[in-house]
Structures are given as C-alpha cells and as structure tokens.
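One structure below.
Read-outs: derived from the displayed coordinates by stated rules, not from any lab. These numbers were taken from a predicted model, which means no experiment stands behind them. When we count neighbours, we look across all protein chains shown, and the Cβ atoms used for this are built from the backbone with ideal geometry, even at glycine.
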Amino acid sequence: MGLLDALFRSNEILGIAEETLEFAIESSEASHPNEYMGFLRGTEATRLGLEQDGLVITDVLVVPGTEANSVSATVKTSQIPNDVKALGSVHSHPNGVIRPSSADLETFGRGSVHIIIGAPYRRSDWKAFDSQGKRTTLNVIDVDLPETEDFFDFTQADIDEELY
Ligand SMILES: [Zn+2]
C-alpha cells in the first residue's frame, strides 16, 4: 500500500457518533423556527476504541456570528478559525424539506459530508449529502465519546505519535 492510500484510508469518514447526531437534532429543534448551523469535526476511530482506521464525526462546532433566521443561516467566513479542519457541515431546514437548496450546493464544496436535519426533528428526520449534493450513506456509530477535558488533553507523547 502506498503512502497516499494510507493517507486516504486514515481520513476516511466511518460515520457519525450517535450522541453527536442526537445532539445536532436536539439543537436543531431548539433553534426552530430558526435555522441551526454548525461544522462537523472528527476524532480518529482508534482513539474511540474502534479497531479501524478512519475518522468518526464526534463534534459539532457552532460558529459564532452565524446569523440565523427561518430562511437561511449565513456564516461569516471570517468567523471560522483557521485551524478548524471541518469534515463537513450540518444545518437544519425548519420547513422540513430535507434537500439541499441551491445556496447549500454552493457551500457544499467545502468538506465531504453535509447533513441536513428537517422539522419535526425526529430521529429519522435527517439525510447526508456529499460535496456534489448527492445523497450519501453516513453510518451512525454507537461509541463512547471521550470527556471533553480528556479529549483536549494532548500530551507531548501524543503529539510525537501524530508526527512520526
Ligand atoms: Zn439548507
């Protein structure tokens, strides 16, 4: 296996943590009738105790300065921290139509998976799309998420491990 294959494999999105999906759905419902919007971040599967290479979506980063109303949520790109490597995005459609709008398609090029959650925000009221706006499969993975403080508590040894 070549280096590029290895890189690709390790960046593969295996799915979304069930807890993270439920959080996004609950947040969408709480924002109703306004639109909810966030960016998706991942954790290496091996850090979550999975014996697989790849990333699991574990975080939704809600960007400060998002102007939400019932029509659209506009993110000011200047508000997105440079160090955020978003895997994709999540946003809600308070009108319940779970289909990318033309404005959505213009932003989907950034990131590889985009989740749309629709009213009435039941567990099944969401779909995932790729950067082209085509329906894509996103597995829901039942994993225990690390506590936030542990999650950010990288040691020098962890960093060395990442680098070498
Ligand atoms: Zn939309």
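So if I take the centroid of the Cα atoms in region 110-133 and the same for region 30-49, what is the distance between those two points in Å? So the separation of the two Cα centres works out to 11 Å.
Database remark: amide H of THR136 closer than 5 angstrom to the amide H of ALA128, PHE129, ASP130 (H placed geometrically; neighbours at sequence offset of 5 or more, or on other chains; Pro and chain starts carry no H).
Once the C-beta distance of HIS32 and ASN11 is scaled by a Förster radius of 22 Å, the resulting FRET efficiency is 0.05 to the nearest 0.05. Cβ-Cβ distance of VAL97 and LEU50, R₀ of 30 Å, FRET efficiency by 1/(1 + (r/R0)^6): the value works out to about 0.30. In this simple spin-label approximation, ARG122 and GLU19 carry label points 7 Å from Cα along the Cα→Cβ vector, and these lie 2.7 nm apart.
Put simply, the amide H of SER89, placed in the peptide plane, has neighbours under 5 Å in LEU40, VAL113, HIS114, ILE115, leaving out anything fewer than 5 places away on its chain.
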